[in-house]
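Only one structure is covered here, and it is reproduced in the block below.
Derivation of every value follows stated rules applied to the coordinates shown; laboratory data play no part. Here the structure is a predicted model, which means the values were calculated and not measured. Positions of Cβ are generated from backbone atoms using ideal geometry, with glycine treated the same way; all protein chains shown enter the neighbour counts.
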Ligand code: WT7
């Protein structure tokens, strides 16, 4: 079935021309063991049973006190779930499994160097380590419920230990992805007012032991500049007893955790019974404007939601060996490496390093050796493994029953390779669409009950009722072939509670656009605006087209154009900067930076280096642009706005659209000439863009 859909291009409407893909069906062996195999589940989660349907998720947890109100909508859009309920997230992820599973591995940690020993951390050992670290945080760190603690930790077991220790105390943790710069960490420390930073001296990446403690010093300096001082830095050592950083420890401020720990051996800490509505953690993410926003996630709602979706969508059973190949520094890792899998008492694999180290067979060797049967990763990783080791999976004897893709749209041919080569044609695939703000999945197929369709995430998940609106707020009907803004009509337990310290920004960013009546206390008047473009096929499946705001999704990670640009203009010589996305074979999108220099400054190659360095310092290596183009002037409207879509078009060898409204249309040819001939010289001519990609480039910058 190859239905080519030709759709009219109209003003304010993204045109979509795409090919319908064929369904793939789950194998009988999967269906026979699936947690959700009875279609009656759809009825239980139908709109008529909302919000009580989510009791089914909350009942997966142990509550100290049961709730009296499932959903409180008295202060929209600050929804409250399971009000009156009390629980402890750490107790639910650790203590309650001890009776049946104390000797079972909670985590299996695989260090990057292959000659270092893989470590299994049993539930019993996790319990001991979490208690000890909680005692240290409380008694040495002086923190209590409601305080914030920032972590800047790599993929080591100390990270989930620290998260669970905070959760035990009711302390709000805020993990900053280890690959982010010290400055990025410092901004988040100041924003959350964390008096304690937990870090590690070093970790392995691509075969090298990287100095990581150096970033803590930078972070504290940046936080200080923002008026906030950290009191204590707790430093784990990647090799206990052996310090692997160049930076000195600051007396009275920096402490080695392995040394302090001597005082906390075998200490036990009572889990603090927290209200369901107490914040569990903050996770910062990029938006259209300003600093990253601290998404605040709740204890009861969040944990219920990740437990429920892990059970039904990840199909996790306690006896599975589940490997989510993401970093815990992102929401995927919080929800689907730590909280979801542990709430269900399963074994969760953690890997320290890069997928292709020391060779592209590494992931499959790990899967074979550990008996992994559920595998979860991002399209970026899949594309890379396909490129460098297309035949590797076949060389290893593992069997996945289930695989996930998350974080960016997946091209149907990449999906098919994942299915055939990685899944050996035997695994179901779920393409899970969601965001940092959401706690857990929003769009996916239910693996035993709904067929897969490459390139589409599927319908809304259980209890989630999505809709596509056009700019005027009219519903875009399924099967119309038209794209629009995907929204969720209802609240759900995993939704974030707000942006830390910025209530107005929260309401404005996510609810203002389609709110029907600001006085209304009915959730039906408050659709959640996700910021993604999407189309819905006649079968109800959504195809996510990507961000409609100026956020660039690089390798599944969100980068705000404004953040990139403000980092760039820290370079003295630069007057103006504009960041645009380019289609990238591996990372999905990469960033290209256009800069205009201050009068009297000569263009030279140092500037490119300085921009790279500035971005690395302010944000982190992951944000480094693919190219930096020095231009005589930016294409601008008569009112002085930079037309990002024009340079985005040039970078992608695509149509730049109408330029008659520019104040300086002549500049376009000049920039195109320079950039495209240089790209050709560098061997960077892109493949032909798909219609969706073309539309994305054309629309870039329209959020302004
Ligand atoms: C953005 C959220 C929580 C997932 C990890 C990324 C894009 C996410 C998909 C998918 C197409 C996807 C969206 C979304 N996205 N999953 N399955 N298919 N696009 O979390 O950093 O908050 O990014 O990632 O554009 O808005 P995030």
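Table for the structure above
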item	result
The range 285-373 - convex hull of alpha carbons, volume per residue in Å³	120
The range 411-507, relative contact order [Cα under 8 Å, separation at least 6], %	20
The range 465-587 shape via C-alpha gyration tensor axes, a/c threshold 1.5	oblate
Theoretical FRET efficiency, 1/(1+(r/R0)^6), r = Cβ-Cβ of residue 42 and residue 524, R0 22 Å, to 0.05	0.60
Translational D in µm²/s for the range 345-400 (Stokes-Einstein at 20 °C, 1.002 mPa s, Kirkwood Rh from C-alpha pairs)	182
Taking 323, 434 and counting other C-beta atoms within 10 Å, the order from fewest to most	434, 323
FRET efficiency estimate (nearest 0.05) - Cβ-Cβ, residue 572 to residue 670, R0 25 angstrom	0.50
Length gained when the stretch residue 231-residue 55 is fully extended (0.36 nm per residue, less Cα-Cα span)	59.2 nm
Shape category assigned to the range 374-424 from the gyration tensor of Cα positions, a/c cut at 1.5	oblate
log₁₀ of I(q)/I(0) at q = 0.05, 0.06, 0.07 Å⁻¹ - the chain, Debye sum with one point per alpha carbon	-0.23, -0.33, -0.45
For q = 0.12, 0.15, 0.21, 0.22 Å⁻¹, Debye-computed log10 I/I(0) when each Cα of the range 198-325 counts as one equal scatterer	-0.81, -1.17, -1.19, -1.18
Likely footprinting exposure, 189, 607, 374, fewest C-beta neighbours within 10 Å first	607, 374, 189
Residue exposure sequence - 369, 237 - by fewest surrounding Cβ within 10 Å	369, 237
Binned Cα-Cα distances of the range 92-154, short to long, each 5 Å bin given as a whole percent	4, 16, 16, 19, 19, 16, 9, 2, 0
Debye log10 I(q)/I(0) at q = 0.11, 0.13, 0.16 Å⁻¹ for the range 340-479, Cα point scatterers	-0.46, -0.62, -0.90
With 10 Å bins from 0: P(r) over the range 63-196, alpha-carbon pairs, percent	11, 30, 34, 21, 3, 0
Using a Förster distance of 30 Å, the FRET efficiency for residue 193-residue 65 (Cβ separation, nearest 0.05)	0.50
For the range 36-98: rounded, prolate or oblate by the Cα gyration tensor [a/c cutoff 1.5]	oblate
When the range 110-259 is reduced to its Cα atoms, the Kirkwood hydrodynamic radius in Å	15.5
Backbone N under 17 Å from the residue 690 label point (7 Å along Cα→Cβ), restricted to the range 19-36	19-24
Bins of 10 Å, starting at 0 and running to the largest distance - Cα pair percent for the range 492-533	27, 57, 16
Equivalent ellipsoid, the range 639-704 (semi-axes from 5 times Cα gyration tensor eigenvalues, Å)	20, 16, 8
Full-extension gain in nm, residue 359 to residue 246, via 0.36 nm per residue minus C-alpha separation	37.8 nm
Relative contact order computed over the range 530-627 (Cα-Cα under 8 Å; 6+ residues apart), in percent	22
Extension reserve of the residue 474-residue 99 stretch, reckoned as 0.36 nm per residue once the Cα distance is removed	129.6 nm
Residue-averaged [θ]222 nm for the chain, counting only DSSP H segments that reach four residues, each worth -39500 (n - 2.57)	-7500 deg cm²/dmol
